[in-house]
Amino acid sequence: MFAFLGLLGYFIILLIPVILFIIGVVIYIIVRFIIDVVNCLRGKEYVDKSQSSNRQEKGRRYEIYISDKLRQGGFSDVRVTQSSGDFGVDVLCKDKNGFTYAVQCKNYSSAVGVDAVQEAYTAKAYYQCDRAVVITTDHFTQAAVEMASKTGVILIHGDGQLYQFMKRNQ
């Protein structure tokens, strides 16, 4: 009987570090989950550097895609601005009537907010353009739509609306 208790005690002593390790891992996972939820609710995402550079590449490809579409739609003097320090505009162009456009491209999988409208409006003044446009792959928040209606910023979501916008230029 004493030998059994001694053997049981020996196994318990061996299992204590394993149990503590498992508890530590579970606590870490729970804390990381809570931090991610709080950051998501604050509008922040946990992004590592590889994801960030991948997003920048996708954003740059989308800007080039939009500039190509605008050229095909009859816009002239189409140019993609530098990727940083662009003052809120990604593409500059001119329509057939000579009106100049400051275009901000948002390759998002969620709603585009009022910040994009404000940046486009400000960029229009900075680049001395006639019109400001925000183009997205998704949709706009209600606040963005309201801001655009007050500031005259043109909102375009999806290729269908982009096609209609370009058709007016032909």
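Please treat every number below as a calculation from the coordinates, not as lab data. If you're wondering where the values come from, they're calculated on a predicted model, not measured in any experiment. Quick reminder, even Gly has a Cβ in these numbers, built from the backbone with ideal geometry, and neighbours come from all protein chains shown.
Between GLN128 and LYS150, residue separation times 0.36 nm minus the direct Cα-Cα distance comes to 6.0 nm. Over all pairs of different C-alpha atoms, region 92-158 has a mean inverse distance whose reciprocal, the Kirkwood radius, equals 11.7 Å. Between the alpha-carbon centers of region 106-152 and region 13-31, tell me the distance in whole angstrom. Cα centroid to Cα centroid, the span is 49 Å.
Summing Lys and Arg as +1 and Asp and Glu as -1 over all other residues whose Cβ lies under 15 Å from the Cβ of VAL145 gives a net charge of -1.
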